[in-house]
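**Student:** If you scroll down you'll find the structure; I have some questions about it.
The values are calculated or read from the model by the stated rules, or taken from the named source; none is laboratory data. Just so it is clear, the structure is predicted and the values come from calculations on it, not from any experiment. Reconstructed Cβ throughout: ideal geometry from the backbone, glycine too, with neighbour counts over all protein chains shown. Each accessible area value is taken on the protein alone, full model and side chains, heavy atoms only, with ligands, DNA and RNA left out. Shrake-Rupley method; radii C 1.70, N 1.55, O 1.52, S 1.80 Å.
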Amino acid sequence: MIGEGERAPRFELPAVVDGAIEQVSLEGQLAGNVVVLAFYPGDFNPACGDGTTGLDDLTLVSVPRNVVVLGISGDSAYSHRAFADQYNLTIPLLSDVTGTVAAEYGVAAESERPTHAAKRSIVVVEPSGEVQYAW
C-alpha cells in the first residue's frame, strides 16, 4: 500500500456526482483541499446488507470546507448511480473499472467478481499531493 509521505498517483475517472456521470480528477479535487480516498470492494457487496454501506460514515469527515471525500471501486458509473440512489450517498463515487488506480495505490484485491475489486482502504492526500495518512 502507498505510504505516508509518498506522492499520490494522479488519476482521472468517470464518477457519479449528484446523480450525473462526469470525469473527476485527483488534481482537480486537490485545489486547496484535503482529499480522502475511500477505496471499497464494490457496490451492493454483502457488507451493505444492514442498510448501510460504511461510506455513509465518511460524510461526517467532509464537514470541514476544505475536505473532499471520494469513494472508489471497480464498478461502473451506472452501478454507482444505482448504489448511491439506494443508499442515499452524497459523496462522489469513482469508477476504476480497469483496477489501475487501486493497483497504483497498492489496494487492489483479488475477487471472484467480474469487476476489479479494491481492499477497503482510506488514503488522505494533502493539497500538495502528498499522502498524509494511509490505512
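**Student:** With the requirement that a residue be modelled with pLDDT of 95 or more and more than 15 Å from the chain's Cα centre (by Cα), what does segment 22-47 give you?
**Tutor:** Asn33
**Student:** Can you find, within segment 99-135, the residue that is most open to solvent (accessible area, probe 1.4 Å) among those that are among the aliphatic types (A, V, I, L, M) and farther than 23 Å from Gly5 by Cβ?
**Tutor:** Applying the filter and picking the extreme gives Ala109.
**Student:** Being among the acidic types (Asp, Glu), surrounded by 14 or more Cβ atoms within 10 Å (Cβ to Cβ) and either modelled with pLDDT under 95 or in contact with a Lys or Arg (Cβ under 9 Å, 6 or more places away or on another chain) (or both) narrows it down to one of Asp50, Asp75, Asp57, so name that one.
**Tutor:** Exactly one of Asp50, Asp75, Asp57 is among the acidic types (Asp, Glu), surrounded by 14 or more Cβ atoms within 10 Å (Cβ to Cβ) and either modelled with pLDDT under 95 or in contact with a Lys or Arg (Cβ under 9 Å, 6 or more places away or on another chain) (or both), namely Asp75.
**Student:** Return the pair list, or none, for Cβ contacts closer than 8 Å from residues in segment 87-110 that are farther than 16 Å from Ile21 by Cβ to residues that are among the acidic types (Asp, Glu) and at pLDDT 95 or above, at least 6 apart or on different chains.
**Tutor:** Here the result reads Ala102/Asp96, each pair linking segment 87-110 to a residue that is among the acidic types (Asp, Glu) and at pLDDT 95 or above.
**Student:** Could you give me the residue pairs with C-beta distances under 9 Å whose first residue belongs to segment 19-31 and is on the phi > 0 side of the Ramachandran plot and in contact (Cβ under 8 Å) with a residue 60 or more places away in the chain, whose second residue is open to solvent by less than 30 Å² (accessible area, probe 1.4 Å) and part of a helix (DSSP H, G or I) wherever it lies, and which are 6+ apart or on separate chains?
**Tutor:** Gly19/Ala84
**Student:** Tell me, which residue of segment 26-43 that is touching a Lys or Arg at 6+ places or on another chain (Cβ under 7 Å) and farther than 10 Å from Leu94 by Cβ is surrounded by the fewest Cβ atoms within 10 Å (Cβ to Cβ)?
**Tutor:** Restricting to residues being touching a Lys or Arg at 6+ places or on another chain (Cβ under 7 Å) and farther than 10 Å from Leu94 by Cβ, the top hit is Glu27.
**Student:** If you don't mind, there's one more thing I want to ask. Scan segment 96-132 for residues that are modelled with pLDDT of 95 or more, part of a strand (DSSP E or B), more than 12 Å from Ala38 (Cα to Cα) and not polar (S, T, N, Q) and jot them down.
**Tutor:** Ala108, Glu130, Val131
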